[in-house]
Amino acid sequence: MRDYVMMTDSCCDLTEEMVRQLGLVVLPLTMHMDGEEYPNYPDGRAITDEEFYRRLRAGKRATTSAVNIGQFEEQMRAVLGEGKDVVCVCFSSALSTTYQSACIAADTVREEYPDGQIFVVDSLCASRGQGLLLYLAAQEKKKGLSAHELVQWIENKKLHICHWFTVGDLNFLKRGGRLSAGAALLGTMLAIKPVMHTSNEGKLVPMGKVRGRKASLKALIDKVGELGVALKEQVMFICHADCLEEAKAVARELKARYGVREVYIHYIGPVIGSHTGPDTMGLFFVGRER
């Protein structure tokens, strides 16, 4: 069995330490602000998460761009050139063209390395939901699964990765076309917070509304009880947009209420954060269904 490398993109929002531990190759999407480009590297070498959210809170606007075909080709060639195969797990195709770029690149590189294999998977996940899928897949890889077996495992698992989140500023959803201007204004006035999830199609879908920040965070925690399986055995992920203390409080409640084994917390990176805004909070776990 040929050795293989797990490849992904920076929308997994994993820490640099975890990227190293899991043995991942991570290609950066790019955030654009004030005419400058900031590749979204896991180690924050272009711009740190803290600095990004400082600027966002100061009123700066940001746009984003996907990983391009050439970036994927370069990394895929490097891996196959070492005699290894590639399992590439990408950000949801419903939210980015990154997956399509990886597929096109894979077709080109396969012709150059006919003895190698490249598998490209649409995770249908976002942020640390994608990260959680990769984390769990890496544990399976360590058990000795072949590249083909791991791809099948990922395909079977991905629709059980639950993504539940809420946002702090409705205006970011308005700018992204996911909320009307009137609804954003009324919701802000009434302190209405949407509770959203990532659907089986990999889209961001509103699932309910609550009044106030505490209620929105409680709604995320409640979803674990509704959908989660084997909670005491689970490792769960939280992402936050510059609201670390609230994320820690959610993690404590998950352990107290459900006996969750471990909860890993990290920032929502600049790419996804450009669209969701400061104070967004996401919770990711394994469930019966999304």
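The values are calculated or read from the model by the stated rules, or taken from the named source; none is laboratory data. Since we're looking at a predicted model, the values are computed, not measured. We place every Cβ from the backbone using ideal geometry, glycine too, and count neighbours over all the protein chains shown.
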Task: Which listed residue is within 30 Å of V210 (Cα to Cα) and of a type in the set (D, E), from D115, D85, D169 - done: D169
Task: Cβ-Cβ under 7 Å pairs, at least 6 apart or on other chains, the range 98-109 side more than 7 Å from F72 (Cβ to Cβ) and touching a residue at least 24 places away in the same chain (Cβ under 8 Å), far side of a type in the set (V, I, T) and part of a helix (DSSP H, G or I) - done: I104/I69
Task: Flag if S127 is crowded, with 19+ Cβ neighbours inside 10 Å, at pLDDT 95 or above, more than 18 Å from L150 (Cβ to Cβ) and in contact with a Gly (Cβ under 6 Å, 6 or more places away or on another chain) - done: yes
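When residues of the range 230-254 are filtered for being in a loop (DSSP other than H, G, I, E, B) and either at pLDDT below 95 or loosely packed, with under 14 Cβ neighbours inside 10 Å (or both), how many remain? Reasoning before the result, please.
The first filter runs over the range 230-254 and keeps only residues in a loop (DSSP other than H, G, I, E, B), leaving 230, 234, 241-243.
Next, from what is left, pick out any that are either at pLDDT below 95 or loosely packed, with under 14 Cβ neighbours inside 10 Å (or both): 230.
Final tally of qualifying residues: 1.
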Task: For E74: the one exception among (1) under 28 Å from L159 (Cβ atoms); (2) out of contact with any helix residue (DSSP H, G or I) (no Cβ under 6 Å at 6 or more places or on another chain) - done: (1)
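What helices (runs of 4 or more DSSP H), lying completely within the range 13-114, carry at least 1 residues that are in contact with a Cys (Cβ under 9 Å, 6 or more places away or on another chain) and more than 18 Å from I268 (Cα to Cα)? Even if it seems obvious, please write down each step before you answer.
Numbers: elements: 16-22, 49-57, 69-81, 98-112.
Result: 69-81, 98-112.
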Open item on the list: Scan the range 40-48 and tell me whether some residue there is of a type in the set (D, E, K, R) and either farther than 16 Å from V87 by Cα or not assigned by TED's automatic domain parsing to the domain that holds V79 (or both).
Closed with: yes
- [ ] Could you please find all residues in the range 198-219 being in contact with a helix residue (DSSP H, G or I) (Cβ under 8 Å, 6 or more places away or on another chain), assigned to a strand (DSSP E or B) and touching a residue at least 60 places away in the same chain (Cβ under 8 Å)?
- [x] T198
TODO: Please state which one of D13, D34, D9, D85 is surrounded by fewer than 19 Cβ atoms within 10 Å (Cβ to Cβ), in the same structural domain as L124 (by TED's automatic domain parsing) and acidic (D, E).
DONE: D34
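Could you tell me whether G168 is part of a loop (DSSP other than H, G, I, E, B), surrounded by fewer than 21 Cβ atoms within 10 Å (Cβ to Cβ), out of contact with any Gly (no Cβ under 6 Å at 6 or more places or on another chain) and modelled with pLDDT of 95 or more?
On the way: part of a loop (DSSP other than H, G, I, E, B): yes; surrounded by fewer than 21 Cβ atoms within 10 Å (Cβ to Cβ): yes; out of contact with any Gly (no Cβ under 6 Å at 6 or more places or on another chain): yes; modelled with pLDDT of 95 or more: no.
Answer is no for this residue.
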Open item on the list: For S93, only one of the following conditions fails: (1) under 22 Å from the mean Cα position of the chain (by Cα); (2) buried (at least 21 other Cβ atoms within 10 Å of the Cβ); (3) at negative phi. What is its number?
Closed with: (2)
